[in-house]
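*Asks:* Below are the structure tokens for one structure; questions will follow.
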Amino acid sequence: MKKILFVAAIALVSTFSVNAQQFKVITSVESIVPNGLGRSRIVNALEDKDYKEYTSVQTEDDNTRNKSKRGEIRVKNFEETKLLNFYNLGGIRFQNIAANDALLTSMINDMVANGWELAFVTSAVESEGGKGDGKGIFITRYIFKK
């Protein structure tokens, strides 16, 4: 009877154990610059950074500006996968969009095969919007967890 209670207690404790979660962000940047002049990539940082090292607190009494150096914040080790631009000289190139989808699908499937779960996806567009509208990107952040 004691053995059964002991095993039951161990099983109960193990079901309530806290699992630490880990997150990983991978970003795709797809150019929306006309004539195929832009650059499109999947970017994956291969090193970790602690945001606390580059964070300052502003208060009414102390408003010293953050003196973090850009070179210290910059990640030197990262993967860069080439994507095709949305536009070429003929306009929107749907074949390029399909090719990018295939590469992004491959990346997501690889992450899932390595134990990651796609938790969130968030996208944004940045465009000049002025005369000629010659600059712009479509950026997507894929947030994985395990």
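*Asks:* May I ask you to derive the relative contact order of segment 41-106, considering only C-alpha pairs under 8 Å and at least 6 residues apart, and to give it as an integer percent?
*Replies:* With pairs under 8 Å counted, the relative contact order is 36 percent.
*Asks:* Round to a whole angstrom and tell me the spacing of the C-alpha centers of segment 95-146 and segment 21-94.
*Replies:* Spelled out, the Cα-based centre of one part sits 12 Å from the other.
*Asks:* Please tell me the relative contact order of segment 21-145 in percent, rounded to the nearest whole number, where contacts are Cα pairs under 8 Å and at least six residues apart.
*Replies:* The normalised contact order for segment 21-145 reaches 35 percent.
*Asks:* Distance check, please: which entries in LYS69/LYS146; LYS24/LYS146; LYS24/LYS76; LYS24/LYS52; LYS49/LYS69 exceed 20 angstrom between their Cα atoms?
*Replies:* With Cα atoms farther than 20 Å apart: LYS69/LYS146.
Values in this text are rule-based calculations from the coordinates and carry no lab data. Just so we're clear, the structure is a prediction, and the values are computed from it rather than from any experiment.
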